[in-house]
1. Within 19 Å of residue 178 (Cα to Cα) and at pLDDT 90 or above - does that describe any residue in the stretch 217-225?
2. Just name the residue that is most open to solvent (accessible area, probe 1.4 Å) out of those in the stretch 283-312 that are modelled with pLDDT of 75 or more and among the charged types (D, E, K, R).
3. Given the options 219, 203, name the one that is basic (Lys, Arg) and either in contact (Cβ under 8 Å) with a residue 60 or more places away in the chain or touching a Cys at 6+ places or on another chain (Cβ under 9 Å) (or both).
4. Out of (1) touching a strand residue (DSSP E or B) at 6+ places or on another chain (Cβ under 8 Å); (2) farther than 18 Å from residue 144 by Cα; (3) of a type in the set (Val, Ile, Thr), the odd one out for residue 192 is which?
5. Residue by residue through the stretch 253-282, note down the ones that are assigned to a helix (DSSP H, G or I) and open to solvent by 40 Å² or more (accessible area, probe 1.4 Å).
6. Considering only residues that are surrounded by 11 or more Cβ atoms within 10 Å (Cβ to Cβ) and not basic (Lys, Arg), look in the stretch 121-131 and name the one that is nearest to residue 276 (Cα to Cα).
7. Can you find even one residue in the stretch 137-145 that is over 26 Å from residue 283 (Cα atoms) and either touching a helix residue (DSSP H, G or I) at 6+ places or on another chain (Cβ under 7 Å) or at pLDDT 90 or above (or both)?
8. Would you check which residues across the stretch 232-241 are within 38 Å of the chain's Cα centre (by Cα) and modelled with pLDDT of 85 or more and list them?
Amino acid sequence: MDPASESKMNSEGGEGRPVPPTSLPLQGGPAQRKKLSAPRISLSLDQSEDDLGETPDDLDINVDDLDTPDEGDYLDYTDHEMDWEDPNAARTSEPYDPIPTYSAEEERQDSKLWRTVIIGEQEHRINMKIIEPYMRVISHGGYYGNGVNAIIVFAACFLPDSDREDYHEIMENLFLFVISTLELMVAEDYMIVYLNGATPHRRMPGLGWLKKCYQMIDRRLRKNLKSFIILHPSWFIRTVLAITKPFISAKFSSKIKYVNSLDELQKLIPMEYIQIPECIIRLDKELKEAAENSKMNSFLQGPEPTTAGRTE
């Protein structure tokens, strides 16, 4: 049946309703018109027997026969954020700096800047970078006695100047470094050799710092300390120890010994593994020459004449 006769039948059965158009006007006038085929439209309100059979419940759809999209048919939205914006936006936007990569070597170096230690059952972190120039302040000087007693050398000449702006921060971290290093070096009995000479007053540790070191030392370290030798003692260090004597035990005070020269120190302990700074060696040589010159002058001048008392 052709579309014209079908439209006529529908108009008769539809009680005079207008016939739907079979073409749609496009751009242009009547000469520029394209005809489109209209679908079959039933305008009848009465349901026939054929219409009753085409219900959704009676539809038989085979899912396996459906054409489903492949993975390549899906749209990728990750790289098209600018598709909905101005095409020139990407050209006018400011360039951004990429995130710098962190190499394995840089990560290892960064981990070396901090050290975690346990002192008195409490965890502390040491800034190793800030104390790097002053780490020679404490060193291992070998052993004495039966070979298990350690010699710990503390060189005050390697301490920082007190006029530095970060002096307190350095001393705080250096204090933790000294205490933690002492615990690692000492297994049995030990002695401390304090190199006091060639140290200007601005580098001398304060009384509070020394007191804090003594208080933070573990009881085992206090008990196993057999001797505290001070080389080239000055009036300052003697005064400090005299002031702190009431606050420390008499047992600890008895362990302090003053030594005036390297020759005298060599008679007490083995010196082969002790690293003496050059400034200490120069000072010891100057003091030795000064002492010899003083003896020579006294010998040349001879004994002072004694004046006999006058008798009236």
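1. Our first condition is that a residue be within 19 Å of residue 178 (Cα to Cα); within the stretch 217-225, this holds for 217-225.
Remaining after also requiring at pLDDT 90 or above: 224-225.
Yes, that holds for at least one residue.
2. So the residue we want is 295.
3. Numbers: 219 fails: either in contact (Cβ under 8 Å) with a residue 60 or more places away in the chain or touching a Cys at 6+ places or on another chain (Cβ under 9 Å) (or both).
After ruling out the rest, the residue left standing is 203.
4. (2) is the only condition that residue 192 fails.
5. Residues of the stretch 253-282 that are assigned to a helix (DSSP H, G or I), as a first pass: 253, 262-266, 278-282.
Hits for the stretch 253-282 are 263, 264, 266, 278, 281, 282.
6. Initial filter on the stretch 121-131 (surrounded by 11 or more Cβ atoms within 10 Å (Cβ to Cβ)): 124-131.
Going one step further and asking which of them are not basic (Lys, Arg), we end up with 124, 126-128, 130-131.
Numbers: 124: 30, 126: 26, 127: 26, 128: 23, 130: 24, 131: 20 Å.
Residue satisfying both the conditions and the ranking: 131.
7. Let us first name the residues in the stretch 137-145 that are over 26 Å from residue 283 (Cα atoms), namely 145.
Checking which are either touching a helix residue (DSSP H, G or I) at 6+ places or on another chain (Cβ under 7 Å) or at pLDDT 90 or above (or both) leaves us with none.
No, that holds for no residue.
8. The answer is 237, and nothing else.
The values are calculated or read from the model by the stated rules, or taken from the named source; none is laboratory data. Keep in mind that what you see is a predicted model, and the values were worked out from it rather than measured. Glycine gets a Cβ as well: all are built from the backbone with ideal geometry, and neighbour counts include every protein chain shown. Side chains are part of the model used for accessible areas, which takes the heavy atoms of the whole protein and leaves out ligands, DNA and RNA. Shrake-Rupley method; radii C 1.70, N 1.55, O 1.52, S 1.80 Å.
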